[in-house]
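K.L.:
Once you've had a glance at the structure underneath, I'll fire off some questions.
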């Protein structure tokens, strides 16, 4: 049985630092048309985030579990992405886009992971610093906290960290030392006409082994998700990124 609608909390919805056992997605309206799909998407994200295993999203057993995602839900709320914008034309509240944040029961999530042959990746999780050299239409630059051309990229990196349950940062300025205890993932991000998008190449030296992976023909949001997911997979002990 689906849970009753809970009141929205806009401030919580807008906070990108989501908890380990909760996730957020975009749905249409607050009724049952999109809610089961939203629950399923959020459950997949939480299982990946808690286990540290991005390959879990491709597990053939997952659809049977996400089809009944409501059974693992502890609570949820909505935030209107068009808040403050009056309804227009034939659009009613049921057709507006909403952020759906879903909080899952930790014990039930841990049990579901055991059924899938996984387990929660325990703390402490090392923070990650992405040291990225960017080549774009507006020039080449190091992606740092001080680079004015990288506002959107920094936001995408923060969202990637929230999605995968890692603290992810960029250097505050070119040449700055990484924070103590952090894991550095060097990489390059090149805007390529031939690839019809960005090409991301990533490198991670972890416990004596070098891992390299890449993604091509995507927007930079997807490229940074690939970088963070790859680092998550390696550090949690789930093999090399593909």
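K.L.:
Going by the structure shown, is residue 189 within 20 Å of the chain's Cα centre (by Cα), in a loop (DSSP other than H, G, I, E, B) and within 23 Å of residue 220 (Cα to Cα)? Quick ask: steps written out before the conclusion?
P.N.:
On the way: within 20 Å of the chain's Cα centre (by Cα): yes; in a loop (DSSP other than H, G, I, E, B): no; within 23 Å of residue 220 (Cα to Cα): yes.
Criteria not met by residue 189.
K.L.:
Continuing with the same structure: If I ask for residues that are farther than 16 Å from residue 145 by Cα and in contact with a strand residue (DSSP E or B) (Cβ under 9 Å, 6 or more places away or on another chain), which ones from the stretch 161-184 would you list?
P.N.:
So the first thing to find is which residues in the stretch 161-184 are farther than 16 Å from residue 145 by Cα, and the list is 162-166, 180-183.
Result: 162, 163, 166, 182, 183.
K.L.:
Which of (1) closer than 19 Å to residue 49 by Cα; (2) free of Cβ contacts under 8 Å to residues at least 60 places away in the same chain; (3) touching a strand residue (DSSP E or B) at 6+ places or on another chain (Cβ under 6 Å) is the odd one out, the single condition residue 213 does not satisfy?
P.N.:
All conditions are met except number (1).
Per-residue answers, yes or no, for (1) under 20 Å from residue 176 (Cβ atoms); (2) within 15 Å of the chain's Cα centre (by Cα):
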position	(1), (2)
113	no, no
116	no, no
125	no, no
137	no, no
148	yes, no
151	yes, no
158	yes, yes
163	no, yes
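K.L.:
Can you spot a residue in the stretch 182-203 that is loosely packed, with under 15 Cβ neighbours inside 10 Å and within 26 Å of residue 46 (Cα to Cα)?
P.N.:
No.
K.L.:
Please pick out the residue among 95, 123 that is modelled with pLDDT under 95, farther than 30 Å from residue 170 by Cα and loosely packed, with under 13 Cβ neighbours inside 10 Å. Quick ask: steps written out before the conclusion?
P.N.:
On the way: 123 fails: farther than 30 Å from residue 170 by Cα.
The conditions single out 95.
K.L.:
Go through 117, 165 for me and flag whichever is crowded, with 17+ Cβ neighbours inside 10 Å and under 24 Å from residue 45 (Cβ atoms).
P.N.:
Values: 117 fails: crowded, with 17+ Cβ neighbours inside 10 Å.
Just a single option satisfies the conditions, and that option is 165.
K.L.:
For the stretch 57-78, does any single residue satisfy the condition of being more than 30 Å from residue 237 (Cβ to Cβ), under 16 Å from the mean Cα position of the chain (by Cα) and either outside the structural domain of residue 103 (by TED's automatic domain parsing) or part of a strand (DSSP E or B) (or both)? Step through it out loud before you land on a result.
P.N.:
We begin by selecting, within the stretch 57-78, every residue more than 30 Å from residue 237 (Cβ to Cβ); these are 70, 75-78.
From what is left, the residues that are under 16 Å from the mean Cα position of the chain (by Cα) are none.
Looking through the stretch 57-78, none of the residues is more than 30 Å from residue 237 (Cβ to Cβ), under 16 Å from the mean Cα position of the chain (by Cα) and either outside the structural domain of residue 103 (by TED's automatic domain parsing) or part of a strand (DSSP E or B) (or both).
K.L.:
Among the residues of the stretch 217-236, how many are touching a residue at least 40 places away in the same chain (Cβ under 8 Å) and outside any helix (DSSP H, G or I)?
P.N.:
Qualifying residue count, the stretch 217-236: 1.
K.L.:
How many residues, within the stretch 138-172, are over 15 Å from residue 220 (Cβ atoms), assigned to a helix (DSSP H, G or I) and without any contact (Cβ under 8 Å) to a residue 40 or more places away in the chain?
P.N.:
1
K.L.:
Could you say whether any residue in the stretch 22-33 is assigned by TED's automatic domain parsing to the domain that holds residue 95, part of a loop (DSSP other than H, G, I, E, B) and buried (at least 16 other Cβ atoms within 10 Å of the Cβ)?
P.N.:
yes
The values are calculated or read from the model by the stated rules, or taken from the named source; none is laboratory data. Keep in mind that what you see is a predicted model, and the values were worked out from it rather than measured. Positions of Cβ are generated from backbone atoms using ideal geometry, with glycine treated the same way; all protein chains shown enter the neighbour counts.
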